[in-house]
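Where a number appears in this text, it was derived from the coordinates with a stated rule and is not lab data. Everything numeric here is computed off the predicted structure, so don't read it as measured data. Please note: Cβ atoms are built from the backbone with ideal geometry, for glycine as well, and neighbour counts cover all protein chains shown.
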Amino acid sequence: MSPKKAILALFAPILIISGCADKYQSYRSLYPFKSPTGQPDYANLDYWAAHPGKKDPSDSVPRPLGAETRDTLADVFFIHPTTFTDKKEAARSNAAIDDDYINAKTDYSTILLQASAFNQQSRVFSPRYRQAHIGNFYGVDSSIATQSLQLAYSDVRNAFRYYLQHYNNQRPIIIASHSQGAIMAIELLKEFFDNKPLQKQLVVAYIVGWPLETKSFTTLLPCTTPIQTNCLCSWRTFKMGYEASWVKKEKERGASLIVTNPLSWTTDTGFVSRQANKGSVLTRFNTIYKKTADAQIKNGVLYSYRPQFPGSFLYRTDNYHIGDINLYYINVRENVRDRIAAYLQTAAKSHSPQ
């Protein structure tokens, strides 16, 4: 291998996990649809980034997993994170629902690399929505940011209502989300699940990449075992020893947060070594890096020493937000399987003759 190719091979995982590479232009032609009203129409599959009624990147399975047994025992409603990040578009508070570049970026980043973690035994639904621009999270007028997030949630709510009316048919539900999607998921759980009849259909909710306060809910509680159901998992990942300014503020105000260790699937604060990490999926989707990241809960977040993968010595960031799901991809995938099995077993017992 030439020195140039060797350097590129080292940098490739870094570029993927940091989201620096723009490889989405070539996919734009796949999204020619236009909304006549500027609003999503969830009766039209174009307005779903992932849907069992069409082939999409959420159907993908990393090649090393081979011909694994797959099923559709439950439904996953996945709410994707922010992909509307172009600084030139900062004046536009919300993404256009039919923006071909944003839709390409969404599908071939988060839908491929995150939503696919949930597809082994589930049908995956993920709506497109008029997501808030990333600038709304960094010092803009708070009223504008609030309005932007409210518009985004109105789409997510409408998509979920459409899903319930047309696709659910009393099936078990998993809510999965990351970052801005986690904000949407928290509101969705409050409105539709917490102390509501639909709560009995909830297998688990993965609220990842955003702080989840215990006071957010009345009856939904944190998952404390790997197979507990009808409960909440949440984590934000940082380099061991780093304390972000917003984490300090959370601690100062005494925030009580739900934090799950995605290696042990408990809320215990003990250190879990990377030997328990069954595999990360970074930007090379068909490559699984094993024993990459450890995990320990401290100060309301999840900490890991620098992940170990080819070229990781060049990975200098202290905030592993972009890898919240991907660093623990196989562990997440197996946990989804285990919780679905536990949920169905409990459901079968409750319906069996006494």
Checklist entry - Just how far, in whole angstrom, is segment 305-351 from segment 203-275 if you go by their alpha carbon centroids? => result 13
Checklist entry - What is the ratio of the Cα radius of gyration of segment 164-259 to 2.2 N^0.38 Å, where N is its residue count, to two decimals? => result 1.16
Next on the checklist: Can you give me the distance in nm between label points at MET240 and VAL61, each placed 7 Å from the Cα along the Cα-to-Cβ direction?
Outcome noted: 3.5
Checklist entry - Using a simple spin-label model with points 7 Å from Cα along the Cα→Cβ vector, what separation in nm is obtained for LYS88 and GLN170? => result 5.3
Checklist entry - What FRET efficiency comes out for the pair GLU68/SER256, r = Cβ-Cβ distance, R0 = 35 Å, nearest 0.05? => result 0.35
Item to check | Relative contact order for the chain, counting Cα pairs under 8 Å that sit 6 or more residues apart, in percent | outcome: 18
Checklist entry - LYS200 to THR37: FRET efficiency via 1/(1 + (r/R0)^6), r the Cβ-Cβ distance, R0 45 Å, to the nearest 0.05? => result 0.80
Checklist outcome for this item: The residues MET240, MET184, sorted from fewest to most surrounding Cβ atoms within 10 Å, come out as MET240, MET184
Checklist outcome for this item: tail above 20 Å in the computed P(r) of segment 209-289, as % of all Cα-Cα pairs, reads 45
Checklist entry - When the Debye formula is applied to the Cα atoms of segment 60-137, each taken as the same point scatterer, what base-10 log of I(q)/I(0) results at q = 0.14, 0.15 Å⁻¹? => result -0.53, -0.59
Item to check | Per-pair calculated FRET efficiency, R0 = 41 Å: PHE137 and THR224 via Cβ, rounded to 0.05 | outcome: 0.85
Item to check | DSSP beta bridge pairing in the chain, given as percent antiparallel to the nearest 5 | outcome: 30
Next on the checklist: Using Cβ contacts closer than 10 Å as the measure, can you line up VAL332, VAL247 from fewest to most?
Outcome noted: VAL247, VAL332
Checklist entry - Tell me, what is the Rg over Rh of segment 90-230, with Rh the Kirkwood radius over Cα pairs? => result 0.96
Checklist entry - Of GLU89, GLU213, GLU68, which is the most mobile in a GNM of the chain whose springs link Cα atoms less than 10 angstrom apart? => result GLU68
Checklist entry - What nm distance separates the two modelled labels at PHE313 and GLU334, each placed 7 Å from Cα along Cα→Cβ? => result 3.0
Next on the checklist: So if I average 1/r over every pair of distinct C-alpha atoms in segment 256-354 and take the inverse, what Kirkwood radius in Å does that give?
Outcome noted: 14.9
Checklist outcome for this item: Assertion target for ASP59, ASP22, ASP324, ordered by fewest C-beta neighbours within 10 angstrom first, is ASP22, ASP59, ASP324
Checklist entry - Sequence-distant or interchain residues sharing an amide H contact under 5 Å with ALA49, placed H: which? => result SER126, ARG128
Item to check | Distribution of pairwise C-alpha distances over segment 16-173, 5 Å bins, in % | outcome: 1, 9, 17, 21, 20, 15, 10, 4, 2, 0, 0
Checklist entry - Out of residues 5 or more away from GLY209 or on other chains, whose amide H comes under 5 Å of its own, with H placed 1.01 Å from N in the peptide plane? => result SER179, TRP235, ARG236
Next on the checklist: Just to be sure I understand: with springs between alpha-carbon atoms less than 10 Å apart, which residue in ILE207, ILE111, ILE227 has the highest mean-square fluctuation in the Gaussian network model of the chain?
Outcome noted: ILE227
Checklist entry - In straight Cα distance, which lysines are under 30 Å from LYS34, not counting same-chain residues fewer than 8 positions off? => result LYS23, LYS54, LYS55, LYS87, LYS88, LYS105
